[in-house]
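The block underneath contains the structure these notes are about, expressed in structure tokens.
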Amino acid sequence: LPGSAGVLAGTCGLAGCLATSWWAGVLPPLATEALRLPFYAGAGLGPAQWAAYAGAGALGLFGFGGLARGRTGRAWVLGLFGRYRGTVRRTGLMWVNPLLLRRRVDVRLRHWRGEPMPGADANGVALRVVTLVVWRVRDTARATLGVEDHETYLRECVEAALARVPVEVPGGGAKGSADLAADALTRLVAADSAPVGIEVFSVRPVRVEYAPEVAAAMTRRRIATLDAQQRATMLTSVVDSVEDTVTRLTMRGLVELDDYERKALVKDLTVAFCSGRGEAAP
């Protein structure tokens, strides 16, 4: 109900307690004068007065005890003796039955950055993956009553999805593999979270690194691969340079070479070019 109903009920209960005290003659004289009540000797505290006290006190406690403040982006899931009674999404001052059990639920759009979780790449190499999940609670009853803790459930869904979707280390996979992994993770986590009232918008890996037990070995492997690629590139460049030099010398008639001399010149030029590139590389 609106908060004014609770305030009115609480005020009536408080007024009833004051009236009963005046009726019983136990109201202090200063209070009587302040409230401008007529003088009354009082009937004493009998069964009728105690009953009036109980009724007025219960009304006051029921009225003031049920006052609550609703906030934007927050909801209350209400239950009575273990039975679901509804969800309150209103904002501002309101009155809720104080006998109902209230559970506050955050229904705003939320970003959750998880801790490093185990994963693997396409080759089965162990990884540690940090994900950023964009989600919100859509069905408050399912999220609160369907599982013990919906945030823990979401974390377990992300961990289960990482066990099924291969994720590549940045720079070690094909172009666009990160987007494909993010799309697959989002589909899996959204499907697993939907039955408990959680709506998942995206699950994106923000940091991927090798697990500690394989990090050193994979670093050495990547360095060796880069060295091999660099050597292959340098060798190709040297061969092209030697071929171009020999072709120009013979086509312009600067030298006339037989097979033996050509082989010797190619050998000398190759050694010279390799030595020059080796000195320039550091």
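If you wrap the Cα atoms of the range 1-153 in a convex hull and average its projected area over all directions, you get 14.1 nm². Dividing the mean sequence gap of close Cα pairs (under 8 Å, 6+ apart) by how many residues the range 59-105 holds gives a relative contact order of 45 percent. The residues of the range 125-166 expose on average 47 square angstrom of accessible surface per residue, using a 1.4 Å probe on protein heavy atoms.
Note on the range 12-169: with neighbouring protein chains present and a 1.4 Å probe, carbon and sulfur make up 59 percent of its accessible heavy-atom surface.
The values are calculated or read from the model by the stated rules, or taken from the named source; none is laboratory data. Just so it is clear, the model here is predicted, and its values are computed rather than measured. Note: accessible area is taken over every heavy atom of the protein model, side chains too, but ligands, DNA and RNA are not part of it. Shrake-Rupley method; radii C 1.70, N 1.55, O 1.52, S 1.80 Å.
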